[in-house]
Amino acid sequence: MRYETIPPCWEKFHPPAGGPLKTDNFNSMKEEISIKSSIDELPVLAGKIEALGEKWDLPMPLTMNLNLVLEEAISNIVFYAFPDKAEQQTVNIDINYEKGEIEIVIKDNGIPFDPTAKEKPDIDLPADQRPIGGLGIFLITKIMDSVNYKRDNDKNILILKKKI
């Protein structure tokens, strides 16, 4: 059996044993998820990410980090992108695996907001002296390898990448 199509993390967590892979195509995989812009959707999304982690056989710490990143990003959209009628809006999440990298693309049609332009919080200050907000985006930038934003066709597009 050849292991050319196995992602780099595979052998670290699953040494070759000659058994079949859980998926036929580790070179390129894609999952599309659409949720309503509602805090109630976060557990639904978390379940979908856990299922995806199992389907793609991702290490549990990576799956947990992806869930945390998505919870932070989606929470920002729910609370700030739609001042009115948030629950009537849809957030689209595309998750791609290709060549040892996971890319998450989050799209919403809320008010324009570039989280990458936000000033980084001063984490050296005591918690009671820090302004409220900004830690979620900071956390996303610490977990992911790259965080990019663009506005296209009246949509916020957040692109998150993580090498595995």
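Coordinate-derived values only; no laboratory data. Fair warning: this is a prediction, and the values are worked out from it, not measured in the lab. No Cβ is skipped: glycine too gets one built from the backbone with ideal geometry, and neighbour counts run over all protein chains shown.
What are the residues whose amide H is under 5 Å from the amide H of Ser146, where those residues sit 5 or more places off or on another chain and H is modelled from the backbone?
Lys161
Work out from phi, with θ = phi - 60° and the Karplus expression 6.51 cos²θ - 1.76 cosθ + 1.60, the ³J(HN,Hα) of each residue of the range 92-104, listed in order in whole Hz, and give x for Gly and Pro.
Once rounded to whole Hz, the list reads 9, 10, 10, 10, 10, 10, 7, 6, x, 9, 9, 10, 10.
Among the listed pairs Lys107/Lys162; Lys36/Lys163; Lys36/Lys142; Lys99/Lys155; Lys99/Lys162; Lys99/Lys161, give every one whose C-alpha distance is greater than 23 Å.
Listed pairs above 23 Å: Lys36/Lys163; Lys36/Lys142; Lys99/Lys155.
What residues qualify as long-range amide H neighbours of Gly110, i.e. H under 5 Å apart, gap of 5 or more or another chain, H built at 1.01 Å from N?
Correct list: Asn156.
Taking amide hydrogens as modeled 1.01 Å from N in the peptide plane, which residues meet the under 5 Å criterion relative to Glu101, leaving out close sequence neighbours?
Placed amide hydrogens put Ile164 under 5 Å from Glu101.
For the peptides 144-157, 93-106, what is the packing order when you average, over each peptide's residues, the other Cβ atoms within 10 Å and list the highest mean first?
Final packing ranking: 93-106, 144-157.
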